[in-house]
C-alpha cells in the first residue's frame, strides 16, 4: 500500500470526563476545545465542540471514537470522524493508529469524500498530534 | 506510513439482493458464500453466512460494509468487519457492473478491516489497524490486507 500526507492535526482537549467502568471497558471522554490542521492541500482550525469517546478494553487497548468539525482557512466545514486504537504497551513502541473519514459539501474539498485515510498519533505535551495520510 | 502484508482474502458472493433506492443511495447486499485467506501468520477459510452491505451514494462512490467470520486452519474463529469505498471512471465502473475483469489500478477500492478473536494465538489481530486494496473479480473480490506498522 502507498500513502501520501494529507495533513497534521493538533487537538486541544478539556479535562477528561471519567465515565468509569462501563460494560465494554473503562470509558473516558475527551472534549475537544479546538486545534489546528495543516497540509499542502488544506489547512485551518478545529472547532470547539467535538469529542473523542474512548474505551479502555480489558486487554489494555484503548479504542478511540472521535468526531470533530474542521473549518478550513477559506471557510469550508469538514465533518471528520475516526476510529482507532491506542496500545501503549505494544512492543517495540506504543501503537496509536486511526482510520479517519471525512464529509464535506464544499466542491474544492470533495476529494476528501472519496478517499480512505490513516493516521499515526503521538501525545505531545500540549495534546495529541495526528499525522494523517491518504491511502493511494 | 509503513505497511506489512497480513493476508490475502478472497470471497465468493452469492446472488445479490437489490434492496434498491433507500434514503442514502442505492442499496445492494451481497451474501458471502465462502472464501479463503492466506498469510504468513494465518490461513484458513471464510465461513458461509457473512455479507457485504453496499450503498451507492449520490456522488457515485460505493460504500462497502463487509462482515464475515474467518476460520483458521487450526480451528480459531475470527470476526472480521471492514468498511471501504470504491469508485472510478464511469466506463471502468460499467465494465465491473457487466462482470468483466478490470485492472484494479483503474479504480479506487480501499477498505479498513478490523478483527476480533478470542483465540490467544491470534490475539495480535485485536490490536492492529489494517488497510486493504481490493480487486473486484467477476467471481468475487480479492483483498490484499496489510497491517499499519
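The values are calculated or read from the model by the stated rules, or taken from the named source; none is laboratory data. Given the structure is predicted, the values throughout are model-derived calculations rather than measurements. Positions of Cβ are backbone-derived with ideal geometry, glycine not excepted, and every protein chain shown enters the neighbour counts.
Pull up region A:56-75, narrow it to residues that are away from chain B (no Cβ under 11 Å) and under 19 Å from residue B:82 (Cα atoms), then point me to the one that is surrounded by the most Cβ atoms within 10 Å (Cβ to Cβ).
A:66
Which one is nearest to the chain's Cα centre (by Cα), of the residues in region B:1-39 that are closer than 19 Å to residue B:112 by Cα and within 14 Å of chain A (Cβ to nearest Cβ)?
Filtering first and then ranking leaves B:8.
I'd like the full set of residues that are within 17 Å of the chain's Cα centre (by Cα) and not in a strand (DSSP E or B), limited to region A:1-35.
The answer is A:14, A:16.
Quick check, is residue B:49 more than 14 Å from chain A (Cβ to nearest Cβ), within 24 Å of residue B:22 (Cβ to Cβ) and under 17 Å from the mean Cα position of the chain (by Cα)?
Working: more than 14 Å from chain A (Cβ to nearest Cβ): yes; within 24 Å of residue B:22 (Cβ to Cβ): yes; under 17 Å from the mean Cα position of the chain (by Cα): yes.
Yes, satisfied.
Look at residue A:78 and say whether it is away from chain B (no Cβ under 11 Å) and in a strand (DSSP E or B).
Numbers: away from chain B (no Cβ under 11 Å): yes; in a strand (DSSP E or B): yes.
When the stated conditions are applied, residue A:78 passes them.
Just to verify a result, which residue in region A:45-55, among those that are crowded, with 18+ Cβ neighbours inside 10 Å and more than 18 Å from residue A:25 (Cβ to Cβ), is farthest from the other protein chains (Cβ to nearest Cβ)?
A:46
So, residue A:124, is that one surrounded by fewer than 20 Cβ atoms within 10 Å (Cβ to Cβ) and farther than 26 Å from residue B:132 by Cα or not? Give the steps one after another, and end with the answer.
On the way: surrounded by fewer than 20 Cβ atoms within 10 Å (Cβ to Cβ): yes; farther than 26 Å from residue B:132 by Cα: yes.
Yes: the conditions hold for residue A:124.
State the number of residues belonging to region A:51-101 that are at pLDDT below 95 and in contact with a strand residue (DSSP E or B) (Cβ under 6 Å, 6 or more places away or on another chain).
Residues in region A:51-101 being at pLDDT below 95 and in contact with a strand residue (DSSP E or B) (Cβ under 6 Å, 6 or more places away or on another chain): 0 in total.
With respect to residue B:42, determine if the residue is closer than 16 Å to residue B:10 by Cα and surrounded by 18 or more Cβ atoms within 10 Å (Cβ to Cβ). Quick ask: steps written out before the conclusion?
Working: closer than 16 Å to residue B:10 by Cα: yes; surrounded by 18 or more Cβ atoms within 10 Å (Cβ to Cβ): yes.
So residue B:42 passes the test.
Picking from B:99, B:20, which residue would you name as being modelled with pLDDT of 95 or more, exposed (fewer than 15 other Cβ atoms within 10 Å of the Cβ) and on the phi > 0 side of the Ramachandran plot?
Numbers: B:99 fails: modelled with pLDDT of 95 or more.
B:20 is the lone residue from the list that is modelled with pLDDT of 95 or more, exposed (fewer than 15 other Cβ atoms within 10 Å of the Cβ) and on the phi > 0 side of the Ramachandran plot.
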